[in-house]
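**Q** Structure incoming, see below.
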Amino acid sequence: MFDLWKDPLTEEKREELLDRAAHEIAKRKLEVAAILVLEMHKPLAYVGSQALIAFSPFLIPFVGFDNLNNYSMLLSERANIERLIQRLEKGGDDAAKHEEVRCIST
């Protein structure tokens, strides 16, 4: 069977996951809603990560094993939620802004 949380997240992988999450949120222009939800549920971050593990048999076909494993480890630490909020408050992702500028200029 699969080994959830077998290897700990490296700092490089953590930053990559945070960048990807911030980019997807910014691409959909949901920064404000995401910040509101993350701030409200920050104390329950660890519970959310454990819920991902509990529902993993149902979620893995949709999101993939690696994504579920990595994001559940990411959510297990409240500091990572705060890092994501800070990235979203800074303006999300520069790539999403460049896409918006590119769409306007063409």
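Read the figures in this text as sums done on the coordinates, not as results from a lab. Just so it is clear, the model here is predicted, and its values are computed rather than measured. Glycine also receives a Cβ, built like all others from the backbone with ideal geometry; neighbour counts cover every protein chain displayed.
**Q** Under 22 Å between alpha carbons, and skipping anything fewer than 8 positions from residue 90 in its own chain: which lysines qualify?
**A** 13, 27, 29, 42
**Q** Calculated FRET efficiency, residue 29 and residue 62, Cβ-Cβ r, R0 30 Å, to nearest 0.05?
**A** It comes out at approximately 0.80.
**Q** Below 10 angstrom from the Cβ of residue 9, what's the summed charge of the other residues (Lys, Arg +1; Asp, Glu -1)?
**A** That sum, taken over residues with Cβ under 10 Å, equals -4.
**Q** At 4 °C and a viscosity of 1.567 mPa s, what translational diffusion coefficient does Stokes-Einstein give for the range 11-105, taking Rh as the Kirkwood radius over Cα pairs? Give it in µm²/s as a whole number.
**A** Estimated diffusion coefficient is 92 µm²/s.
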